[in-house]
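Reviewing the structure listed below.
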Amino acid sequence: MSGGKVPKIPLEKQVRMAVNGDEAVAYAAKHSLVDVVAAYPITPQTIIVEKFSEFVADGEVHTEFVPVESEHSAMSAVVGAAAAGARAFTATASQGLALMWEILYIASSLRLPIVLAVANRALSAPINIHCDHSDAMGMRDASWVQLFVENTQEAYDTTIQAFKIAEDPEVLLPVAVNLDGFVLSHTLEDIYMLPEEEVHKFLGGYRKVTGKTYVDYLGKEVEVKLDPANPLSFGPLDLYDYYFEHKVPQIKALEKAKEVVKRVNEEWYELTGRRYGDGVIDAWGVEDADIIVTVLGSTAGTVRHVARQLRKEGVKVGVLRIRLYRPFPFEEVANAIKGAKVVGVMDRALSFGSFGPSYLDISAALYGLKERPLLVNYVYGLGGRDVPPSLVRRMFEELIKVKEEGEVKEPLKLLGVRE
Amino acid sequence: MFEVRWHGRGGQGAWTAANLLATAAMLDGKHVQSFPAFGPERAGAPVLAFTRISDEPIEIHSMVYEPDAVVVLDPTLLATVNVVEGLKKGGSIIVNFDGGAEELYEALGVGKGEYRVFAVPATKLALEILKRPITNTAMIGALLKAHPLASMENLERAVKARFPGKVGEANAELIRKAYESTREV
């Protein structure tokens, strides 16, 4: 977040509140005039739909709230709602997201602008309710836009932005907003919300179907939305004759999403005075850094906290928070870290049998360069293992050693695990 | 930045106390953070919650390891939990305790002068005013006696917003009573 310019809505006109990350998401969904919410409870997401169902019970929203019998049904219900032209929202975590998996691909391939909040939580077994990114990484190939937030304020801001990104006519893809389970979902922080009507204006009111039309089998031109008066089939059979071609616009739309995320970040800045880097990456001190650490989510603040101390001690360190994980901002990430000698890549998930997911992306981002920094992958915080500043400092000290030695002996390290 | 660690048992409202203090400080214009440390959730088990209060925005997102103050909602915890673990040198311990100073120092296992120790008979006050042994709001009052982390006025606002009607009024009274009854020992 950075300030400077006077926003269209100055802070004194914004609403200051102390809420946790889940409540912030619920308020954002309310302010975004969501037409349909379908959800099934799962910790640590539960507060989102609990809070939202209070808004429904108190008559504060017009939303159709559909309590379903599973997450598979929740995603199916919002697919139907979004296909009918509704602004649809759901939230989940961990096993719930795993159970949605089959329908995630249908949501994106039907180009439905659904918004999903994920309160990131480890996957079973053993059962664990705490934070890691394993759940989100299970959907990284599903053609969804994936954003990771750092704090409660950003959870509110990003949930609203997500609708704008998803519904952009050049995108029309679902967006997942990831907030770290407990570390953000259950953490109360002081934030600014907008007066509700300002969010309505920002999003252009209720969702509008883009006006794209389709010629049906009777030769009649109809809007691309589910409508009993003009029946349409969604996602019918498409074999080796056209399936491949039909993936091309989907690939292009996801690429396009990167620019839209940046644009919406700037529009939000004009409106509120808050922005998150360029929207896709949020860099701190990288310009002259010898050592850079990359990270997703709430741990970024703790890493920056330690980096500030190291800078005072004269060590040239930087921090790169990756806000947009899919589509991956290859160019932006490469430009931000290519000047460093050593880069520590933090992943709160492991692709078992390989590396942490973002390490693979960052390796790909750097491969085309003639000179590249040394890379070390730190897999950390699985199952909610806390990341105190002392642990982050230890990682930086190891990276300093790698810089001095000029080689990486162990490319994959498990940070904070007992030996 | 001031960091508080709350010790309670599941169901006693340690997390709520952490949130109410944070909300009051937010109303005073501070930056705040409060959160629980959830283990297996069950009534009666020892639990922790944390509050951070700062003049600057709070970036850090880890648990609190070196608090400036610890607050103990339930004196029976002293026998099983090391409540002074990590407490900063000269930091404060605020305990729901209705006994003598010697007894409290012995229960804490600390020497005189190492920390500042405060006692308040919160269970007794809660039984008088709420007619229930719920001490979380009383202990916020006690903490404010030791450290003026939030204004009493905004704490009352936060408590009344959280517990509307008579329950809020009674808790506000309990907080005032606990504040007055807290003694450094």
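The values are calculated or read from the model by the stated rules, or taken from the named source; none is laboratory data. Every value quoted in this text rests on a predicted model; they were computed, and no experiment measured them. A quick note on method: Cβ atoms are made from the backbone with ideal geometry, for glycine too, and the neighbour counts reach across all protein chains shown.
Evaluating A:Lys30 against the criteria (1) touching a residue at least 40 places away in the same chain (Cβ under 8 Å); (2) more than 29 Å from B:Ala158 (Cα to Cα); (3) not in a strand (DSSP E or B) leaves one unmet condition, (2). Any residue that is aliphatic (A, V, I, L, M), without any contact (Cβ under 8 Å) to a residue 60 or more places away in the chain and in contact with a Gly (Cβ under 9 Å, 6 or more places away or on another chain) - is there at least one of those in the stretch A:299-311? For the stretch A:299-311, residues aliphatic (A, V, I, L, M), without any contact (Cβ under 8 Å) to a residue 60 or more places away in the chain and in contact with a Gly (Cβ under 9 Å, 6 or more places away or on another chain): absent. Close Cβ contacts (under 6 Å, 6 or more residues apart or on different chains) running from residues in the stretch B:161-185 that are assigned to a loop (DSSP other than H, G, I, E, B) to residues that are polar (S, T, N, Q) comprise B:Phe163/B:Asn171.
Residues in the stretch B:53-76 that are under 23 Å from A:Glu154 (Cβ atoms), crowded, with 24+ Cβ neighbours inside 10 Å and out of contact with any Ser or Thr (no Cβ under 7 Å at 6 or more places or on another chain): 1 in all.
None of A:Arg385, A:Arg348, A:Arg394 is within 14 Å of chain B (Cβ to nearest Cβ) and without any contact (Cβ under 8 Å) to a residue 24 or more places away in the chain except A:Arg394. Being more than 25 Å from B:Glu114 (Cα to Cα) and in a strand (DSSP E or B): is that true of B:Ser34 here? Here the answer is yes, as B:Ser34 does meet what is asked. Within the stretch A:151-164, one or more residues are at pLDDT 95 or above, surrounded by fewer than 24 Cβ atoms within 10 Å (Cβ to Cβ) and more than 13 Å from every other protein chain (Cβ to nearest Cβ). Residues in the stretch B:77-102 that are outside any loop (DSSP other than H, G, I, E, B) and surrounded by 13 or more Cβ atoms within 10 Å (Cβ to Cβ): B:Leu77, B:Leu78, B:Ser92, B:Ile93, B:Ile94, B:Val95, B:Asn96, B:Ala101. Screening the candidates B:Val70, B:Val32 for the property of being more than 12 Å from chain A (Cβ to nearest Cβ) and among the hydrophobic types (A, V, I, L, M, F, W, C) yields one hit, B:Val70. Summed over the stretch B:138-184, the residues that are more than 16 Å from B:Met26 (Cα to Cα), crowded, with 17+ Cβ neighbours inside 10 Å and of a type in the set (A, V, I, L, M) give a count of 10.
Of everything listed in (1) touching a Lys or Arg at 6+ places or on another chain (Cβ under 9 Å); (2) more than 9 Å from every other protein chain (Cβ to nearest Cβ), the single unmet condition for B:Arg42 is (1).
How many residues does the stretch A:87-122 hold that are in contact with a Lys or Arg (Cβ under 7 Å, 6 or more places away or on another chain) and either within 19 Å of A:Lys225 (Cβ to Cβ) or not assigned by TED's automatic domain parsing to the domain that holds A:Gln45 (or both)?
1
Being touching a residue at least 60 places away in the same chain (Cβ under 8 Å), farther than 24 Å from A:Leu97 by Cα and away from chain B (no Cβ under 14 Å) holds for only one residue in A:Glu170, A:Glu189, and it is A:Glu170.
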